[in-house]
Every structure is written in C-alpha cells, then in structure tokens.
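Read through the structure below, which is laid out as structure tokens, and then see the notes.
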C-alpha cells in the first residue's frame, strides 16, 4: 500500500503570503460623496416668519395685552365684525404667537410645509388652540406662504388655586404638520443660469481642487475653481440634462483634505477635543501638585494656684507641605495624538490640568495646532 502523496507546499506558502499582504496593505482613505462636502448655490431652504393669533385656549391665553387686542380687532374686521371702541375684550382664550417655517428648495405654490408656533406674551399654554390664518414672510418682505391649523402641543402646564404650578416639557410651543400652504416659489437660477456654483461647507483649497478634478474626470472641462469654497460648473441648456448631471456630480466620491490641526476647549464643561492632525515638537512635560496646609490652633495657658499669673491664650500654628509625585513625559519630534493622549493619561491629568498643559505647549511653540475656546 502506497502512502498518499504529500501536499505541495508552494501553493500554500503563496496563499499565505497573499493573505498576509492583504492584511498589512494600507487601507484606502475614506472617501466622501460630493453632496456631503457641499451644496449647489441657491438650492437651499429659506426661513419664513409670521405673526398670528391662536384662539380656543381654555383660559391659558394672554388676557388684555395691547398687541393681541389690536390683532383681534384686525382679524374681526376682516371677518366683518367691529369690536366696540375703547373696550378691551377679555382674551384669556387667545394668545399672540410668532410662526416660523422652512421653505424647501423648489417648493411650488400649493405644496404644504410644517410650521412651529411660539408664544410671545404671558400665555401659559397653547394646548387645544387653533391658529387663525396668518401670512408668512421671507427676508425680502414678500409673502411666501399662508399658515392655519390646529396645534399639536407636547407640553402640559397646570396651576392650582394656591399658586402651585406643574409644567411638563414646553406647553407654550406647538407645531402644525403641513400647516402652511406655499403661495410663491423662490427663484434658484437652476433653469436659467449657464453656470451653477457649488460651495464647500468648509473652505479648503485642496478639497476644492480634488472635487474639481473628480468632476472633470466625469464631465471633462465642466468645473473650475473660483476660490477656496466655490466651484463654477457649466451645465447643459436642457433642464432635464442639468438635473441628470447634478445628480451624477453629487454622487461622485472624493477624498477630502485632512482637516487643520485643532484643539477645541469648552470652558463651561471642561471638555477638551483634539483632532488627529495635532503634532508635537520635541518637548518635556512635568506635572505635579503642591499642597500647602496651615492649621491654626489656640492654646490656653493657665497659671498655677495662688500665683500672680494671668490666664493667656497663645496661638499655635502648624504648616505642612505635601507635594505629589511629579512625572515627566518626553515627546519625540512629530509625536501624534495617540502619543499625547497616552502620556497625559499616565500623568493622570484632569481636564483643567490638560487645558493648562496644552496652553503651555502652545506658548512654548511645541504644539502644532490651533487652540479654540468655545
């Protein structure tokens, strides 16, 4: 009986080498879509605001405020009802409100948008109220939508006869889903301009250049860089071809430039955030705490019996110095974020100590990053 032939080793070694190479191969840089890096100019939402009256409240309204009284006179006048002059109606069932909404890009007359309603007076709750028809204005003073509808309020407020109150969430802000009807469209220049501009969310010349190269690779000669934020993109005349081209551009993947080295310090919470681009020049950090403690005590000196001495109080002070063990961390040239974090963790620094250390490194010229305090 013959022994089975041994398995050839060369294919196994080749396969192992291939797998090992795949494991050690550097992973490709993370690519982002163009639509995640910026947006086309003019293709954006627009803010709308308005002033209106909410009625039908169960005694939680403003009550005799001058501006709501005037507004109610205007509303009743439009309906053909004249309120008596010199009489302030009791309006505990009404509240003066501000209305806000976002008008999406390409919104057309007849489409519906959501609105948010907030009190501006002393109204305690908008629960159960209904917004009377009110215009919504854009930044140019033109009317772009009309708002009306029943409010949905997520908060609750209760007041007892003894003055005690209970409030859950915010009862003075409500929302009306699809509560406004668009009456005017906003011109975006999408269908008329020969060139449409695309703007980066964050200015960066290298990222803008990479986006230009990626767009020109797909549509040769279509994009040019105007500055660190804006690209000018030449579009075809047909709106259908324009939409197809813009959709294709937004889905192109680009490797953005590495962000600038930054250290963000939140002075209110003590939070410190360091991004991966932070580098350190050769530096040594020593961290330790010195605690000086002074105890003040009083001793009473009592003279012996039948002596002519007097009782005296003498101070007794005790000073102690406690210095915790200090550590020194040495950073080599080009030390990265990981090295900095590991060394500071070994030193056992607190957030406030970390801010002091980073400021000292910045003053010494060893921290290659911009510090921003928020």
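Can you work out which of the residues in the range 252-267 that are touching a residue at least 60 places away in the same chain (Cβ under 8 Å) and in a loop (DSSP other than H, G, I, E, B) is nearest to the chain's Cα centre (by Cα)?
Out of the qualifying residues, it is 267.
Of the residues in the range 135-165, how many are part of a strand (DSSP E or B), crowded, with 16+ Cβ neighbours inside 10 Å and at pLDDT below 90?
Adding up the residues that qualify gives 1.
Test residue 311 against the criterion of being modelled with pLDDT of 70 or more and either over 30 Å from residue 197 (Cα atoms) or surrounded by fewer than 10 Cβ atoms within 10 Å (Cβ to Cβ) (or both), and give yes or no.
yes
Do we find that residue 208 is outside any strand (DSSP E or B), in the same structural domain as residue 244 (by TED's automatic domain parsing) and modelled with pLDDT of 90 or more in this structure?
yes
The values are calculated or read from the model by the stated rules, or taken from the named source; none is laboratory data. Quick caveat, the model's predicted, so the values are computed rather than measured. Here the Cβ is made from the backbone with ideal geometry for all residues, glycine too, and neighbour counts use every protein chain on show.
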